[in-house]
Amino acid sequence: MSREQVFWGWGEPGSGPSLPDHAGAFLRSELGVEGVVVSSPVALEAARLGPLQLPDAARRRLEEIAGAEAVRDDAEARVLRCRGKSYLDLLAQRAGDCEAAPDAVVAPADAAQVQAVLFACAEAGVAVVPFGGGTSVVGGLEPLREGFDALVSLDLGRVNGLRSMDARSLTAVLGAGTRLPEADRALAAHGLTLGHLPQSYEWATVGGCVATRSAGQASAGFGRIEDNVVALRCATPMGELATLGAPASAAGPSIRELVVGSEGTLGAITEVALRVFPIAPERRYEGWFFRGFEEGWDALRTLVQSDAAPDVVRLSDEEETRISLALAGPRGLKGQAGGAVLRARGYEGGCLAILGWEGEGDAVARRHGPAARILRGAGGMTVGRAPGEAWRAARFAGPHLRDDLLDRGVLVETLETATSWTKLAALHAAVGEALRGALERAQVACHVSHVYPTGASLYFTVLAAQEAGDPAAQWQRAKAAASDAIVAQGATISHHHAVGRDHTPWLGAETGALGMELLRAVRERCDPAGIMNPGKLRPAGRG
Ligand SMILES: Cc1cc2nc3c(=O)[nH]c(=O)nc-3n(C[C@H](O)[C@H](O)[C@H](O)COP(=O)(O)OP(=O)(O)OC[C@H]3O[C@@H](n4cnc5c(N)ncnc54)[C@H](O)[C@@H]3O)c2cc1C
């Protein structure tokens, strides 16, 4: 294991920002929590681990394949590979609830070793959970045994690095375990970048992003990860699936697309060829205000349908705008000249959009002009570059603040979905209503996070006081209510967080009975023993 996050939260110890002092007053007045530290994560030594169940013969075989030092079953290794980083994951990890932790963590050095590990685990009947950056927020890494006695975490961290570059074709081949910043550092030497910036950027891996159909913050400009996957290799318990790197193909249904989003249930992705982009020399990030959420997203709709969308598009609803301005404190727009301008121009209580353009200097200017005209015509008012730059500087800060909120007894979680422009208003209302109905005194904030010509995604952030007793059950109730509302609105159960364990009960509503059968048939062909990531993307049981 190389660099590691803390097992109970985000990032390395002390690596991120903390809640500002004035947040305490906000938490008291809005959520009714005291705003002081009321709980702390347990020490590693206090984490509770189940007995080791990996048979000696299977362990010896894994050591023969990957080397003795690449097979670990010490407490630290098991606790660190126990889960991802959702609110439910963090509640359990902070409490040291690691009874189900993997029996061992196996870290093969290359694709051939990954393949050999999968053959060995299939033969021995050992379940396997592929582990990339560990940032899943849908229970994708939960070590569900589903009838298997032994389970190992397959750590792809050593299957990393830039393997090859084709600067003429603008493609790069990367080991699946390469973390996004490492990939970008290697590409920067060639003046290139992935253009893929999820909020989990600091830790997520290339393979994990492909396995979950990730969408970065700049998806409007650079596409979602699957838009940029040119080819991949995936080791399955039945052998390797490898796809051709042609720019387009009419050779039947896409095998590549079967693997993209397969969440470790078919096998482990070992290598990905991705489209890459020249590093932008010029960046222009701005804040825009709209009088209301619908006015704002209609402006975005016009932009994207006119092929004039910026590369980063993010529009907060009234509640999210109010909360971000309050938490920005005296330096935010509110309470100073900015607030007075909003009031005078009729935008007080409105919605803030962050829009970002990247590219060659003249290209940015060329794109910015027409977009600004559309935005103004649709009712928008620019509030200049400061809010845009402030957002860009803090774009990865959120997850660090979450740990502080958990210390203070706050329920804090996000969920996301997408639908057509026509159905967006009803979806926004229904999910908000479901969450507010399920949680007492909750703050439910939302933003449009990704836009397409045909629709957009909505990303909800929920804050409430944690219920004493069983805070996990409190969130599970709210999440179920929100998921039911999403399905009832005909929206997707996940726009970019994936399915994992948490969304599995709602997958059938989207995929249909025959669709679920097809997924099962593919899985059974690649993994007849059902060892790959049990309980994810499929109902409980080995089917
Ligand atoms: C604070 C925070 C912010 C986030 N922001 C975003 C965002 O902006 N956009 C977004 O799309 N997502 C976001 N996510 C979700 C998460 O970061 C993504 O799902 C990411 O793609 C997961 O990558 P990972 O390498 O961490 O994979 P992991 O979390 O390690 O794994 C995720 C799933 O993929 C499987 N898997 C991992 N690697 C492989 C592989 N090589 N082969 C086969 N299966 C594999 C795992 O078994 C698991 O089921 C966020 C998460 C957090 C905690």
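The values are calculated or read from the model by the stated rules, or taken from the named source; none is laboratory data. In this text the structure is predicted, and so the values were computed from the model without any measurement. No Cβ is skipped: glycine too gets one built from the backbone with ideal geometry, and neighbour counts run over all protein chains shown. Just so you know, the surface numbers come from the protein's heavy atoms only, side chains and all, with ligands and any DNA or RNA stripped out. Shrake-Rupley method; radii C 1.70, N 1.55, O 1.52, S 1.80 Å.
Quick look at the values:
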{"quantity": "Checklist (1) modelled with pLDDT of 95 or more; (2) out of contact with any Asp or Glu (no Cβ under 6 Å at 6 or more places or on another chain); (3) charged (D, E, K, R) applied to GLU348, failing item", "calculated": "(1)"}
{"quantity": "Verdict on ARG213 being more than 23 Å from ARG284 (Cα to Cα), touching a helix residue (DSSP H, G or I) at 6+ places or on another chain (Cβ under 6 Å) and within 13 Å of the ligand (Cβ to nearest atom)", "calculated": "yes"}
{"quantity": "Only one of GLU64, GLU45, GLU76 that is exposed (fewer than 13 other Cβ atoms within 10 Å of the Cβ), acidic (Asp, Glu) and in contact (Cβ under 8 Å) with a residue 12 or more places away in the chain", "calculated": "GLU45"}
{"quantity": "Residues of the range 149-175 satisfying the condition of being in contact with a Phe, Trp or Tyr (Cβ under 7 Å, 6 or more places away or on another chain) and among the acidic types (Asp, Glu)", "calculated": "ASP155"}
{"quantity": "Among the candidates VAL431, VAL451, VAL499, residue that is within 30 Å of GLY24 (Cβ to Cβ), of a type in the set (Val, Ile, Thr) and open to solvent by less than 20 Å² (accessible area, probe 1.4 Å)", "calculated": "VAL431"}
{"quantity": "Check on GLY261, at positive phi, assigned to a loop (DSSP other than H, G, I, E, B) and either within 13 Å of the ligand (Cβ to nearest atom) or touching a Ser or Thr at 6+ places or on another chain (Cβ under 8 Å) (or both)", "calculated": "yes"}
{"quantity": "Tabulated pairs, the range 197-225, first open to solvent by 30 Å² or more (accessible area, probe 1.4 Å) and of a type in the set (Asp, Glu), second more than 8 Å from the ligand (Cβ to nearest atom) and not in a loop (DSSP other than H, G, I, E, B), C-beta under 7 angstrom, 6+ apart or interchain", "calculated": "GLU202/PRO181"}
{"quantity": "Top-ranked residue in the range 267-276 [being open to solvent by 10 Å² or more (accessible area, probe 1.4 Å) and either among the hydrophobic types (A, V, I, L, M, F, W, C) or over 14 Å from GLY177 (Cα atoms) (or both); ranked as nearest to the ligand (Cβ to nearest atom)]", "calculated": "ILE269"}
{"quantity": "Candidate set: the range 391-403, residues that are farther than 11 Å from GLU286 by Cβ and touching a Gly at 6+ places or on another chain (Cβ under 9 Å); chosen: the one nearest to the ligand (Cβ to nearest atom)", "calculated": "PRO399"}
{"quantity": "Residue within the range 233-252 that is closer than 27 Å to VAL451 by Cα and within 21 Å of the chain's Cα centre (by Cα) present", "calculated": "no"}
{"quantity": "Flag if SER169 is over 16 Å from CYS234 (Cβ atoms), in a loop (DSSP other than H, G, I, E, B) and within 9 Å of the ligand (Cβ to nearest atom)", "calculated": "no"}
{"quantity": "Single residue of GLY140, GLY134 found to be part of a loop (DSSP other than H, G, I, E, B) and either on the phi < 0 side of the Ramachandran plot or open to solvent by 20 Å² or more (accessible area, probe 1.4 Å) (or both)", "calculated": "GLY140"}
{"quantity": "For TRP10: the one exception among (1) assigned to a loop (DSSP other than H, G, I, E, B); (2) open to solvent by 60 Å² or more (accessible area, probe 1.4 Å); (3) not aliphatic (A, V, I, L, M)", "calculated": "(2)"}
{"quantity": "Criterion: touching a residue at least 24 places away in the same chain (Cβ under 8 Å) and crowded, with 24+ Cβ neighbours inside 10 Å - qualifying residue of ALA122, ALA111, ALA116, ALA107", "calculated": "ALA107"}
{"quantity": "Segments classed as helices (runs of 4 or more DSSP H), wholly inside the range 35-117, with at least 3 members that are of a type in the set (A, V, I, L, M, F, W, C) and under 29 Å from the mean Cα position of the chain (by Cα)", "calculated": "75-80, 87-94"}
{"quantity": "Total residues in the range 454-475, condition away from the ligand (no atom under 15 Å from the Cβ), of a type in the set (Ser, Thr, Tyr) and crowded, with 21+ Cβ neighbours inside 10 Å", "calculated": "0"}
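Conditions (1) surrounded by 17 or more Cβ atoms within 10 Å (Cβ to Cβ); (2) out of contact with any Asp or Glu (no Cβ under 7 Å at 6 or more places or on another chain); (3) at positive phi, marked per residue:
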{"site": "GLY379", "(1), (2), (3)": "yes, no, yes"}
{"site": "PRO387", "(1), (2), (3)": "yes, yes, no"}
{"site": "ALA393", "(1), (2), (3)": "no, yes, no"}
{"site": "HIS400", "(1), (2), (3)": "yes, yes, no"}
{"site": "LEU411", "(1), (2), (3)": "yes, yes, no"}
{"site": "ALA426", "(1), (2), (3)": "no, yes, no"}
